[in-house]
Amino acid sequence: MYKLLAFDLDHTLCNPDDPIDTETLTFLYEAEENGLKIAIMSGRPIMYIGGLGRQLELKNPIVSGENGAYTYYDISFPPKMYFQNEPTDEQKKMLLHLRELIQKKFKEKVWIQPNFTNFAVFAMDDSYRDELAHFMQDYYENVINDDSYSLFFHPDGSIEIVPPNINKGLALKQIMNYEGITKEEVIAVGNSGNDLAMLKEAGFSIGIGYKEADITFETIGEAVMFLREKLQLPISAGEHK
């Protein structure tokens with residue numbers, strides 16, 4: 001019996017600029033009402049994910065931000081329970097140095113996501129996205145030069161460097177240990193490389209346009225239909241009340 005569903009957010013539950021659709025929301029409500037715990041695990045800042053969690057009106061969501069650096073229960077201030085995976089001072093200095101170089105070189109051409117741990121940057125225009133990508137790749141390979149860090153190129157165009165020992169798989173394992181849930185009782189759903197550790201930690205994994213999973217669908221709607229059948233939930237015809 002499955003007890004926990006862990007979802008990436010962007011390009012999984014919804015596209016970055018769109019809300020979560022009604023059918024997916026209804027599925028989340030009904031899964032929770034049937035005793036499953038819902039975790040939303042994203043590379044976005046934890047306060048962003050926490051605000052989203054409150055608006056979703058789930059009863060007891062678990063939210064994790066910055067690729068597992070921060071995991072909050074109860075999404076209140078302060079949270080009822082939280083896990084925190086901090087980089088070392090040296091790792092923070094490395095990414096702070098990168099921030100300074102990016103700001104000096106690209107100025108207003110980029111937007112740096114306001115994270116505490118990992119470094120995520122967006123080109124504000126497609127015309128210099130390649131230049132930014134080359135700069136980030138070069139810094140990763142020749143300055144950081146440490147494959148315990150992770151470099152991700154995301155579908156939304158953002159580029160991200162994550163310090164060692166911070167990933168969604170570690171955060172999911174912390175949740176499982178706290179809840180007393182086994183690997184076989186977890187389903188994880190994601191769409192890109194920063195979800196891979198989470199997908200591997202789960203007993204069953206679903207990719208949204210991502211082949212590194214037990215099964216892959218092109219859309220979250222298809223995945224929801226599959227999950228309803230797998231979890232033996234009824235096919236809903238209406239919205240959550």
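The values are calculated or read from the model by the stated rules, or taken from the named source; none is laboratory data. What you see is a predicted model; the values in this text were computed from it and never measured. Virtual Cβ from ideal backbone geometry, glycine too; neighbours counted across all protein chains shown.
Details
- Candidates in the stretch 67-87 are the residues that are polar (S, T, N, Q) and closer than 14 Å to Asn118 by Cβ; of these, the one that is surrounded by the most Cβ atoms within 10 Å (Cβ to Cβ) is Asn67.
- Taken together, the residues in the stretch 121-170 that are among the charged types (D, E, K, R) and buried (at least 19 other Cβ atoms within 10 Å of the Cβ) amount to 2.
- Applying the condition of being over 16 Å from the mean Cα position of the chain (by Cα), part of a loop (DSSP other than H, G, I, E, B) and of a type outside the set (A, V, I, L, M) to the stretch 142-192 and asking which residue is farthest from Gly68 (Cα to Cα) yields Asn145.
- Selection count, the stretch 177-193, where residues are modelled with pLDDT of 95 or more and buried (at least 21 other Cβ atoms within 10 Å of the Cβ): 6
- Residue within the stretch 120-141 that is touching a residue at least 60 places away in the same chain (Cβ under 8 Å), assigned to a loop (DSSP other than H, G, I, E, B) and in contact with a Ser or Thr (Cβ under 7 Å, 6 or more places away or on another chain) present: no
- The residue list Thr22, Thr12 contains one member that is surrounded by 24 or more Cβ atoms within 10 Å (Cβ to Cβ) and polar (S, T, N, Q), which is Thr12.
- Residues of the stretch 206-233 that are part of a helix (DSSP H, G or I) and either in contact (Cβ under 8 Å) with a residue 60 or more places away in the chain or closer than 14 Å to Ile187 by Cα (or both): Ile220, Gly221, Ala223, Val224, Phe226, Leu227, Arg228, Glu229, Lys230, Leu231.
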